[in-house]
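Some notes on the structure that comes next.
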Amino acid sequence: MSESSGRLDLEIRLHGDLDSPEAEMRVIGEFDRLQVARFDSAGEALSRSLDRLTVDLTRTTIIDSAALGSLIRLRHALDRIDCRLRVVVSEPFQVTVMKVGGLYDFLGVSETE
């Protein structure tokens, strides 16, 4: 949620070759129950021909259980189209949320500095 607008900033970028497309979703701000519908809609709009999707949470300030549920739904949808998911985190609280929730390996979490 940007402080001035009160909503989630969400960026989506597609890249790669036509026969091996990749996409990246970058979530900036608070990723909570108020933002889940927008994230879910963006995930549903992604191409069914993706090979890999990266969800960048490095600039996310809050991740609640509704957001984790949204990431799980996304992972299940990507499994149906044989698309790999990678979730990138950078803050200690993000790592803790993923590990305590038992989602670190399931969501393909990787850490950056």
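None of the figures in this text is laboratory data; all of them are computed from the coordinates on show. In this text the structure is predicted, and so the values were computed from the model without any measurement. Cβ coordinates were reconstructed from backbone atoms using ideal geometry, including for glycine residues, and neighbour counts include every protein chain displayed.
Worth pointing out:
- Here the Karplus relation 6.51 cos²θ - 1.76 cosθ + 1.60, evaluated at θ = phi - 60°, turns the backbone of region 78-93 into coupling constants of 5, 4, 5, 10, 6, 10, 7, 10, 10, 10, 9, 10, 9, 9, x, 5 Hz, with x for every Gly and Pro.
- Residues with amide H under 5 Å from that of residue 60, placed H, sequence gap 5 or more: 29
- 5 angstrom amide H check on residue 87, placed H, neighbours 5+ away: 55, 109, 110
- Neighbours of residue 79, meaning other residues whose beta-carbon lies under 15 angstrom from its beta-carbon, give a summed charge of +3 when Lys and Arg score +1 and Asp and Glu score -1.
- Rounded to the nearest 20 debye, dipole of region 35-74 from Cβ charges on Lys, Arg, Asp, Glu: 60
- Residue by residue, region 53-65 carries 3J(HN,Hα) couplings of 10, 10, 10, 8, 10, 4, 10, 8, 9, 9, 9, 9, 5 Hz when phi is fed to the Karplus relation 6.51 cos²θ - 1.76 cosθ + 1.60 (θ = phi - 60°); x denotes Gly or Pro.
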